[in-house]
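Below: one structure, written as structure tokens.
The values are calculated or read from the model by the stated rules, or taken from the named source; none is laboratory data. Fair warning: this is a prediction, and the values are worked out from it, not measured in the lab. FYI the Cβ positions are ideal-geometry reconstructions off the backbone, even for glycines, and counts take in every protein chain you see. All accessible areas refer to the heavy atoms of the entire protein, side chains included, with ligands and DNA or RNA removed. Shrake-Rupley method; radii C 1.70, N 1.55, O 1.52, S 1.80 Å.
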Amino acid sequence: MKTKHVIDLESLSISELMEIIELANDIMRDPGEYSQVCKGKILATLFYEPSTRTQMSFKTAMLRLGGSIIGFDNPQNSSVSKGESLKDTVTVVGGYADIIAIRHSLEGAAKAASLYSAAPVINAGDGGHLHPTQTLTDVVTLYNEKGTLDNMCIGLCGDLKNGRTVHSLIKTMSHFKGNRFVLISTPELSVPQYIKDIMNASGCRYTEMRGLAEAMPMLDVLYMTRIQRERFKSYEDYERQKGVFVLDREKMKLAKRDMKILHPLPRVDEISEDVDYDDRAKYFIQTVYGMYARMALIMKMLENDDRKPMPRQFDTHSTRCTNPNCITYTEEYLPKMFRHLGGDMLLCKYCDGRNLI
């Protein structure tokens, strides 16, 4: 792999992505062949935000490859509780571990960590921004369950505003030919503008809808997501959105016989339990595909064996990101880095937030 860090799957070429998918499938076919390939290597899991599947999937992946794990799953059990900066934590852990997986509640945290780590960094989810290894899980699932990554009508339903899994999946699947999207949400939870810009730039067709039942007959894939209570400013705001979209047996009658249902999990109330017994429901086997996907990614990233830290001096901008959930608001030492979009618009390199000059 040409890239040292995986903050966004956009850093991988399509050929590199397909190599990871093929390697994941090879591992699935003969796990024993790969049981010692990471012997002597250490994965650090820095989880500043709660996680079950992603954290356990990374740990299991490394253990099944013969490696070891260190890290924390609660920042209150680390020096973070004493006020240690992200920079200092990552700089130290990057000297202990061969590879780091980081999850954080603030957008752009993984990008910030990559600036100071000698070890390669994997983004395991940064706020409501991106979740590239969940997308890797999703594409491995689709490749195996649909037999293709092209020419599909993909429905995404629920919290499309805060759903980092949704953002990452759209970005990746927009690179494959003939894919189109049906975006099913309330107006308040529609996808951010920068995701629409990506679909427009790639020529992907998309439709925004407010009802799940109306969308069901046209879909080849339905990607359900929960309404994310932790991303709302108040419980009242969450309650107004909760339970709007529920997939149940009656709606499944409207779907194609070969449609596949995916969900990044955890599920709350957006998929009724009777759907679990439908053979089109793939969200539990999806978690198993995810373990193999992460095994393949770890192997590919460790091939580089590049232990040089990034430069400690960075060009910084006078503008400050206007996204209050951007990591630069709490880690104020971080250089302010933007990409010019043209005119008077800047795009924050940490969180993809749009800013006026």
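Accessible surface of residue 175 in the full protein assembly, 1.4 angstrom probe, to the nearest 10 Å²?
Result for residue 175: roughly 100 Å² accessible.
In the chain, once you exclude exposed chymotrypsin sites (Phe, Trp or Tyr not before Pro) (DSSP loop, at most 13 other Cβ within 10 angstrom), what's the longest stretch remaining?
Result for the longest clean stretch: 1-313.
Before anything else, pin down the relative contact order of the chain: Cα pairs under 8 Å, at least 6 apart, normalised by residue count, whole percent.
It comes to 18 percent, rounded to a whole number.
Explain nothing, just the number: relative contact order of region 101-207, from Cα pairs under 8 Å at least 6 residues apart, as a whole percent.
22
Okay, helix-only estimate at 222 nm for the chain: each DSSP H run of n ≥ 4 adds -39500 (n - 2.57), divide by all residues, round to 500 deg cm²/dmol; what do you get?
Calculated from helices alone, the mean residue ellipticity at 222 nm is -9500 deg cm²/dmol.
Would you rank 88, 150, 305 by solvent-accessible area, highest first, keeping every protein chain in place and using a 1.4 Å probe?
Reading off the accessible areas and sorting them downward yields 305, 88, 150.
What is region 110-165 by shape, rounded, prolate or oblate, if you read a ≥ b ≥ c off the alpha carbon gyration tensor as root eigenvalues and call it rounded for a/c under 1.5, prolate for a/b larger than b/c, and oblate otherwise?
Because a/c hits 1.5 or more and a/b fails to exceed b/c, region 110-165 counts as oblate.
What share of the DSSP beta bridges in the chain is antiparallel, in percent to the nearest 5?
Among the beta bridges of the chain, antiparallel pairing accounts for roughly 20 percent.
Among 94, 211, 343, which one shows the highest mean-square fluctuation when the chain is modelled as a Gaussian network with alpha-carbon springs under 10 Å?
343
To make sure I understand the rule: partners must be lysines, Cα under 30 Å from the Cα of residue 41, and not fewer than 8 residues away in the same chain. Which ones qualify?
2, 4, 59, 82, 87, 111, 300, 308
Roughly how many Å is it from the Cα centre of region 156-193 to that of region 44-123, as a whole number?
So the separation of the two Cα centres works out to 27 Å.
Please say if region 35-143 is rounded, prolate or oblate, where rounded means a/c under 1.5 for a ≥ b ≥ c the square roots of the C-alpha gyration tensor eigenvalues, and otherwise the choice is prolate for a/b larger than b/c and oblate otherwise?
The shape class here is oblate.
Specify whether the C-alpha gyration tensor of the chain places it in the rounded, prolate or oblate class, a ≥ b ≥ c being the square roots of the eigenvalues: rounded for a/c under 1.5, otherwise prolate if a/b is larger than b/c and oblate if not.
Note, shape of the chain comes out oblate.
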